[in-house]
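**Student:** Please see the structure below; I have some questions.
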Amino acid sequence: MASTLSSKIRTDHLPGRKESPVRRALLVGLALVCVALNAPFALAQKVELSVDASRAGAKIDRNIFGQFAEHLGHGVYEGIWVGKDSPIPNTRGIRNDVVAALRAIKVPNVRWPGGCFADEYHWRKGIGPERPVTLNPNWGGVVEPNTFGTHEFMDFLDQIGAEAYISVNVGSGTPQEAAEWLEYLTTAQPTTLEKERAANGHSAPYRVAFLGIGNESWDCGGNMTPYYYLSQLKIYSRFVRNFNPAQQDGQQMLKIAVGPGGGEPRFTSWTETVMKAWQNHQWSWDINGLSMHSYTVVNWDKKFASVGFGETEYGRILKATLEMEGLVSKYSAIMDRYDPQKRVALVVDEWGAWYAPLPGTNPGFLVQQNSLRDAILAALNLNIFARHAERVRMANIAQMINVLQAMIITDKEKMVLTPTYYVYKMYVPFQDATFVPVTFNPGTYTHGAITLPRVDAIAAKDTDGKLWLEVTNLDPNQPVEIEASLAGQTAKSAAGETLTAPKVDSVNTFEAPNAVVPKPISVKAQGGKLSLKLEPKSVTVISVE
Ligand code: AHR
């Protein structure tokens, strides 16, 4: 860029024209300024934020920080389940290191058993002492031992303190199979299924907070038309019941229908079909959520690498991820037409970056690294969900461990926490917090043909009334000076943490697990104003006293 500007200056210098010393000095000065503006040590940009803590928005539902664990690659087997006889420290077969890490980010819910896997899953194969060995045709065609089934999943949830989001098999199962699974899980009555559950070690009914009715039924879930899916949805919604006595009053299981999978026109009509039917629905069926899937991919045929990339790929991926805003707005607007009271939530239950598989791994296992770029990507998406908190009340990043944009990567007994994990940790105070409006001019960061907002920010008050502010600096080269003026709130002190690293593709590895970890950041609080300096390519969360 600097050399381009210098050559432009030279071109403007017409041949034969006599150069005055003053003009020459001005040109040299201008060239130096241009070089300085492109240098990494340039002056910090300034961005002013106005935070109006006297105005309360919607609750940022803790369930937008949900996770997704599919029987895929090492997501479940090795990532969660190592078996009771494993030398890896475990509790009833579930690895202790992973449980401790997940407890620290207060996972609100886990979606299981898929994904595409869910529409081929038959729950009876995953209970009892004798488990048949089956196949996982979707994901690498490997053997599915069924050693991790219903009881193991519910035990895992119990250990990490999360709610169950179970996806029932609509593609290759039956309403009866799904209804019996829910009876097995939830009834307190002495039925044959209740006795079988007790014989398998759990006499008390389980809690199932969320029920997914199919997965991507327009594609891997059975290639259904919207009308065919709608007829299935009504049947499943009617007959798949939760009998848990503790969930009859106020804590009913929420039913989530398959919704759109991106911006293609076919998903507009899918969403319209389901929502229009819901608007006129009879007492005999209902839904509480409509799912949306959207991955960050620039080119499905030539996926970007998850590590070993530069500023261009950084910019292109972040630009692509910001399309989430348009998708959420588009489908919220359709839902508003049929559901102005926002009774049905938009549930973004598969999202995240999808890169090329790491060389040497089974391509069906969707193994990728997780870099600082992914941390910034996660923050941008969580902020979009928070800004749409009235409609987006649940989201599940894909996927929790060892698959796609994971929180945790394991290799046998080794475990490492990813940059994305640390974003989830820093955002814990935003769980169930009340959204507080922040206004700002984000400025721009430009690299080649890519222009992005320089800064993103959200604010919220937690359940104790404490104010929290998140600010992301997308610019990988320039620091940003933030000056935040607060209305409706005094600011005696402020403190927080920032997540950054030397390179956009910095990662945590088993050998160097602390390359990308949050560090304390100092904040000046004076006269109702906060000042802080954001490092380039960083995610920062602060609290205000
Ligand atoms: O997350 C991986 C896969 O992506 C899921 O199984 C499927 O629902 C989606 O297409």
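**Student:** Can you tell me which of (1) under 22 Å from residue 111 (Cβ atoms); (2) surrounded by fewer than 21 Cβ atoms within 10 Å (Cβ to Cβ); (3) out of contact with any helix residue (DSSP H, G or I) (no Cβ under 9 Å at 6 or more places or on another chain) is the one residue 289 doesn't meet?
**Tutor:** Looking at each condition in turn, residue 289 falls short on (2).
**Student:** Considering region 160-187 alone, what residues qualify as being assigned to a loop (DSSP other than H, G, I, E, B) and farther than 30 Å from residue 104 by Cα?
**Tutor:** 169, 170, 171, 172, 173, 174, 187 - these are the residues of region 160-187 that are assigned to a loop (DSSP other than H, G, I, E, B) and farther than 30 Å from residue 104 by Cα.
**Student:** Does residue 92 satisfy being more than 16 Å from the ligand (Cβ to nearest atom) and at pLDDT 95 or above?
**Tutor:** Taking the combined requirement at face value, the residue satisfies it.
**Student:** Also: I want to confirm something. Restricting to region 276-309 and keeping residues that are more than 16 Å from the ligand (Cβ to nearest atom) and either in a helix (DSSP H, G or I) or of a type in the set (Ser, Thr, Tyr) (or both), which single residue is farthest from residue 344 (Cα to Cα)?
**Tutor:** By that ranking, first place goes to 284.
**Student:** Inspect all residues belonging to region 528-535 and state whether any of them is in contact (Cβ under 8 Å) with a residue 60 or more places away in the chain, surrounded by fewer than 16 Cβ atoms within 10 Å (Cβ to Cβ), part of a strand (DSSP E or B) and in contact with a strand residue (DSSP E or B) (Cβ under 6 Å, 6 or more places away or on another chain).
**Tutor:** no
**Student:** How many residues, within region 467-494, are open to solvent by 40 Å² or more (accessible area, probe 1.4 Å), modelled with pLDDT of 95 or more and under 25 Å from residue 62 (Cβ atoms)?
**Tutor:** Summing the residues that are open to solvent by 40 Å² or more (accessible area, probe 1.4 Å), modelled with pLDDT of 95 or more and under 25 Å from residue 62 (Cβ atoms) in region 467-494 gives 1.
**Student:** Could I ask something else about it? Could you tell me which residue of region 248-262 is nearest to the ligand (Cβ to nearest atom), considering only residues that are at pLDDT 95 or above and assigned to a loop (DSSP other than H, G, I, E, B)?
**Tutor:** Applying the first criterion (at pLDDT 95 or above) to region 248-262 yields 248, 252-261.
Subset that is assigned to a loop (DSSP other than H, G, I, E, B): 248, 252-253, 258-261.
Values: 248: 31, 252: 25, 253: 21, 258: 10, 259: 12, 260: 13, 261: 8 Å.
Ranking the qualifying residues of region 248-262, first place goes to 261.
**Student:** Name every residue in region 65-82 that is closer than 19 Å to residue 136 by Cα and either open to solvent by less than 10 Å² (accessible area, probe 1.4 Å) or within 16 Å of the ligand (Cβ to nearest atom) (or both), in order of residue number.
**Tutor:** Across region 65-82, the qualifying residues are 68, 69, 70, 71, 72, 73, 74, 75, 76, 77, 79, 80.
**Student:** Same structure, new question: Out of region 368-418, which residues are open to solvent by 10 Å² or more (accessible area, probe 1.4 Å), over 22 Å from residue 303 (Cβ atoms) and either at pLDDT below 95 or in a loop (DSSP other than H, G, I, E, B) (or both)?
**Tutor:** 388, 390, 412, 413
**Student:** Let me ask another. Scanning for something in contact (Cβ under 8 Å) with a residue 24 or more places away in the chain, in a strand (DSSP E or B) and within 16 Å of the ligand (Cβ to nearest atom), does region 45-57 turn up at least one residue?
**Tutor:** no
**Student:** Still on this structure, I have one more. Here's a check for you: in region 95-124, which residue that is surrounded by fewer than 21 Cβ atoms within 10 Å (Cβ to Cβ) and not small (Gly, Ala, Ser) is farthest from the ligand (Cβ to nearest atom)?
**Tutor:** 96
**Student:** Follow-up question, since we're still on this one. Give the residue that is nearest to residue 250 (Cα to Cα), with candidates limited to residues of region 192-230 that are charged (D, E, K, R) and within 16 Å of the ligand (Cβ to nearest atom). It would help to see each step written out before you state the result.
**Tutor:** Pass one, region 192-230, residues charged (D, E, K, R): 194-197, 207, 216, 219.
From what's left, within 16 Å of the ligand (Cβ to nearest atom): 216, 219.
On the way: 216: 29, 219: 34 Å.
Taking the candidates together, the pick is 216.
**Student:** Among the residues that make up region 232-247, is at least one of them assigned to a loop (DSSP other than H, G, I, E, B) and either free of Cβ contacts under 8 Å to residues at least 12 places away in the same chain or among the small types (Gly, Ala, Ser) (or both)?
**Tutor:** Checked against the condition, which is being assigned to a loop (DSSP other than H, G, I, E, B) and either free of Cβ contacts under 8 Å to residues at least 12 places away in the same chain or among the small types (Gly, Ala, Ser) (or both), region 232-247 yields no hits at all.
**Student:** How many residues are more than 16 Å from the ligand (Cβ to nearest atom), over 20 Å from residue 180 (Cβ atoms) and not in a loop (DSSP other than H, G, I, E, B) when one looks only at region 125-159?
**Tutor:** 6
**Student:** Something else: Check residue 355 against each of (1) under 20 Å from residue 504 (Cβ atoms); (2) more than 16 Å from the ligand (Cβ to nearest atom); (3) open to solvent by less than 40 Å² (accessible area, probe 1.4 Å) and name the one condition it does not meet.
**Tutor:** Every condition holds for residue 355 apart from (2).
**Student:** Confirm whether residue 238 is open to solvent by 50 Å² or more (accessible area, probe 1.4 Å), more than 16 Å from the ligand (Cβ to nearest atom), of a type in the set (Lys, Arg) and out of contact with any strand residue (DSSP E or B) (no Cβ under 7 Å at 6 or more places or on another chain).
**Tutor:** Numbers: open to solvent by 50 Å² or more (accessible area, probe 1.4 Å): yes; more than 16 Å from the ligand (Cβ to nearest atom): yes; of a type in the set (Lys, Arg): yes; out of contact with any strand residue (DSSP E or B) (no Cβ under 7 Å at 6 or more places or on another chain): yes.
Yes: the conditions hold for residue 238.
**Student:** While we're looking at this one, here's another question. Answer yes or no: is there a residue in region 182-203 that is in contact with a strand residue (DSSP E or B) (Cβ under 7 Å, 6 or more places away or on another chain) and open to solvent by less than 50 Å² (accessible area, probe 1.4 Å).
**Tutor:** Looking through region 182-203, none of the residues is in contact with a strand residue (DSSP E or B) (Cβ under 7 Å, 6 or more places away or on another chain) and open to solvent by less than 50 Å² (accessible area, probe 1.4 Å).
**Student:** Return the total of residues in region 350-367 being part of a strand (DSSP E or B) and either touching an Asp or Glu at 6+ places or on another chain (Cβ under 9 Å) or within 18 Å of residue 417 (Cβ to Cβ) (or both).
**Tutor:** The number of residues fulfilling the criteria is 3.
**Student:** Moving to a separate point now. If only one of 273, 312 is closer than 30 Å to residue 355 by Cα, β-branched (Val, Ile, Thr) and in a helix (DSSP H, G or I), which one is it?
**Tutor:** Selected residue: 312, the only one of 273, 312 that is closer than 30 Å to residue 355 by Cα, β-branched (Val, Ile, Thr) and in a helix (DSSP H, G or I).
The values are calculated or read from the model by the stated rules, or taken from the named source; none is laboratory data. Just so it is clear, the structure is predicted and the values come from calculations on it, not from any experiment. Note: ideal-geometry Cβ built from the backbone for every residue, glycine included; neighbour counts use all protein chains shown. For the accessible areas, the whole protein counts, side chains as well, though only heavy atoms, and no ligand, DNA or RNA atoms are used. Shrake-Rupley method; radii C 1.70, N 1.55, O 1.52, S 1.80 Å.
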